[in-house]
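First the structure, in the form of structure tokens, and then the observations on it.
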Amino acid sequence: MLILQQIAYIHPNKEVLFDNINLTINKNQKIALIGNNGAGKSTLLKIMAGTLIPASGVCTSHARAYYIPQIFGQFNEYTLAQALQIEDKLKALAEILSGVVNETNLTILNDDWSIEERCREALSCWQLDHLDLGQKMSGLSGGQKTKVFLAGITIHQPEIILMDEPSNHLDRQSRQILYDFIQNTSGTLVIVSHDRTLLNLLDSVYELSKRGITVYGGNYDFYAAQKLLESTALDMDIKSKEKALRKAKETERETLERQQKLDARGRKKQEKAGVATIMLKTMKNSAEQSTARSKDIHAEKVGNIARELNQLRKELPDADKMKFGFDPADLHKGKILIHAQDINFSYGQKPLWNSPLNVLITSGDRIALKGQNGSGKTTLIKILLGTLEPQKGSIQRATVKAVYIDQDYSLIEASHSVYEQAQAFNHSGLQEHELKIRLNRFLFSKDYWDKPCSVLSGGEKMRLILCCLTIANKAPDIIILDEPTNNLDIQNIDILTTAINDYQGTLLVISHDEYFLSQIGVRQAIELP
């Protein structure tokens, strides 16, 4: 149904993103396409969709693909009908129904007499009944834009569906509608996602890496189990190679010491026997050459093992190379940090919440803030932090140090270089080399230090914030995460999960990712009406 042969893509700066990609996607397959940020997942999906031309290779499709992108800003000036590419059909149908029956309108409509009915059905399915197909996309939230394109599946009824991070920005209810669709559809699916609940609904995992495409014939849990086996085998190989290196170095040392003792003993015997000076020199040179040969042989063996060990270490997952340094928060467990009673807020005449909210947060709590898109989650965060005051009710806040990591990573100064950003959090006066060690620990090598933060990906920005928190003099009492897993790949979600689990302070998380919430030990929830 969809065949990729010898596909390569090269960036405008001549950097090769990937090459020699070969894969075949058969009818009714449901495939997860995963890989680290920068591997080229979105690019490969666009090539499959026909919206991007590869540098070389051939992409053959036996059916028209419907593509749902990850970013929708390019559609802001479009109406919903234009974004869904149905405006011409709807106009043709309207003109035909008003009596303008001509060849042009009939050709455009192409006997699609149910187009209006499917549009109503699709918008209703995704809870978009209140939207008009003639309104601009710019007025919609991120979640609504995603749902408009998801509604396009019912409208266009394609055989192949390509989705790039479709659960991003969707609330819990909308995610469930998406999960149900994935389970029940008989269409062919290729989905780029970090949502592990979604990934477990798919038949197979295709991992894109520098080695190309590796196919795992099962869902994400099967893939994770296979990766664990690979990782365990790699660890055993590394330990075995480290042992071999130690043994080779020990053998080299013992051989050289033994040779030196034999040479010294031989010289003493020859001197006692009265061997001529010229003969002594000849014998000495011969012994030195023999020692040098032996030394070269052992050095070559040690060098070969060391190179093999370095190559194995390069294959370690990046997360395994990191060490985290979160300090415990100073506040004793159970101390009341925020107590809000009967609070509410209005942006107009109507209160944001139908009934006033009561919120109690104590030190050490791990709380999820839940609610549908538009329910006021971000407003509540601002009230809890004190940047907004409630218009009704009362709130008491203890003096605490809070860090708010929003969806735009506002803690990162775009104009700073990566090193300058780290320096901005260096309240304890760490030396330059110590800062660079911390940056390396979070995968920011020398190549990154002078890069402007504005060019970093979402995952890189999140890692830099985590690095900055470990550089800061004092761990925050409260960390607030606003949709932290959006736009992160699985690798960076694992990094974030590990870091958060090292943190002992209070955690408040806005997230629709139930798997992530369970992994970081969230047991409480504030449900917004």
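What aspartates and glutamates does K145 reach when the alpha-carbon gap must be under 16 Å and sequence neighbours fewer than 8 apart in one chain are set aside? Leaving aside aspartates and glutamates fewer than 8 places away in the same chain, those within reach of K145 are E77, D129, D132, D164, E165, D171.
For the stretch 378-527, which whole percent of the accessible surface, found with a 1.4 angstrom probe, sits on carbon and sulfur atoms?
Carbon with sulfur: 45 percent of the solvent-accessible area.
Amide H contacts of I213 (H built 1.01 Å from N, in plane; Pro and chain starts excluded): N22 sit under 5 Å, all sequence-distant by 5 or more or on other chains. Rolled with a 1.4 Å probe across the full set of protein chains, the surface gives K350 an accessible area near 150 Å².
Over 32 Å between C-alpha atoms is what I'm after, so list which of K401/K461; K227/K247; K136/K382; K41/K370; K27/K377 land there. Display every interim value, and only then the final one.
Working: K401/K461 21 Å; K227/K247 30 Å; K136/K382 29 Å; K41/K370 30 Å; K27/K377 41 Å.
Over 32 Å Cα-Cα: K27/K377.
Note on K227 and N13: the model spin-label points, each 7 Å out from Cα along the C-beta direction, lie 2.7 nm apart.
For A525, nonlocal amide neighbours, meaning residues 5 or more places apart or on other chains whose placed amide H falls under 5 Å from its own, are A368.
Distance between the 7 Å Cα→Cβ label points at E527 and K474: 3.7 nm. What the Cβ-Cβ distance of K401 and N110 gives, at R0 = 45 Å and to the nearest 0.05, is a FRET efficiency of 0.10. Spin-label model, N501/E514: points 7 Å from Cα along the beta carbon direction are separated by 2.0 nm.
Loop sites here are chymotrypsin sites (Phe, Trp or Tyr not before Pro) outside DSSP states H, G, I, E and B with no more than 15 other Cβ atoms within 10 Å. The longest part of the chain free of them is 114-346.
Beta bridges assigned by DSSP with both partners in the chain are antiparallel in approximately 45 percent of cases. Per-residue ellipticity at 222 nm computed for the chain from its helices equals -13500 deg cm²/dmol, with DSSP H segments shorter than 4 residues left out and the rest contributing -39,500 (n - 2.57).
Assuming charge only on the beta carbon of Lys and Arg (+1) and of Asp and Glu (-1), the dipole of the chain about its Cα centre is about 3200 debye to the nearest 20. Segment D132..Q82, full-extension length gain: 16.8 nm, with 0.36 nm per residue of separation and the alpha-carbon distance subtracted. One chain, two ends: Q423 and V101. Fully extended at 0.36 nm per residue, the span grows by 108.9 nm beyond their Cα-Cα distance. Remark: accessible surface ordering of D112, D408 (largest first) is D408, D112, probe radius 1.4 Å. With a Förster radius of 51 Å applied to the C-beta separation of T60 and I297, the computed FRET efficiency comes to 0.40. Surface listing: H11, H332 arranged by accessible area from highest to lowest gives H332, H11, probe 1.4 Å. What you get for the stretch 81-210, charging only the Cβ of Lys and Arg (+1) and of Asp and Glu (-1), is a dipole of about 480 debye around the Cα centre.
Radius of gyration (Cα atoms) of the stretch 470-525, expressed as a multiple of 2.2 N^0.38 Å: 1.11.
Along the positive direction of the dipole of the chain (beta-carbon charges: Lys, Arg +1; Asp, Glu -1; about the Cα centre), which of I493, G217, A244 reaches farthest? Positive-most Cα among the choices belongs to A244.
Taking 0.36 nm per residue of separation and subtracting the Cα-Cα distance, what length does fully extending K261 through H332 add?
Value of the extension gain: 19.0 nm.
For GluC sites (Glu not before Pro), the sites in the stretch 411-511 that DSSP calls loop and that have at most 15 other Cβ atoms within 10 Å are E413.
For S56, the residues whose modelled amide H falls within less than 5 Å of its own, excluding neighbours fewer than 5 places apart on the same chain, are A8.
Solvent exposure of T498, expressed as accessible area, is near 60 Å², computed with a probe of 1.4 Å over the protein chains only. May I ask you to give the percent of accessible area on the stretch 182-230 that is carbon plus sulfur, with a probe radius of 1.4 Å? After summing per-atom areas, the C and S share lands at 51 percent. Per residue, the chain exposes 51 Å² of solvent-accessible protein surface, assessed with a 1.4 angstrom probe and all protein chains in place. If you roll a 1.4 Å probe over the stretch 44-99 with all protein chains in place, what percent of the accessible area is carbon or sulfur? Carbon plus sulfur share of accessible area: 52 percent. Heavy-atom accessible surface of H156, to the nearest 10 Å², is about 50 Å², with a 1.4 Å probe and all protein chains retained.
Suppose accessible area is computed on protein heavy atoms with a 1.4 Å probe; arrange R366, R438 from highest to lowest.
R438, R366
Mean sequence separation of contacting Cα pairs (under 8 Å, at least six apart), scaled by the length of the stretch 360-458, corresponds to a relative contact order of 25 percent.
Taking every C-alpha pair closer than 8 Å and separated by at least 6 residues, the mean separation divided by the residue count of the stretch 395-518 gives a relative contact order of 34 percent.
The values are calculated or read from the model by the stated rules, or taken from the named source; none is laboratory data. Please read these numbers as outputs of a predicted model, since none were measured by experiment. A quick note on method: Cβ atoms are made from the backbone with ideal geometry, for glycine too, and the neighbour counts reach across all protein chains shown. SASA here: full protein model, heavy atoms, side chains in, ligands and nucleic acids out. Shrake-Rupley method; radii C 1.70, N 1.55, O 1.52, S 1.80 Å.
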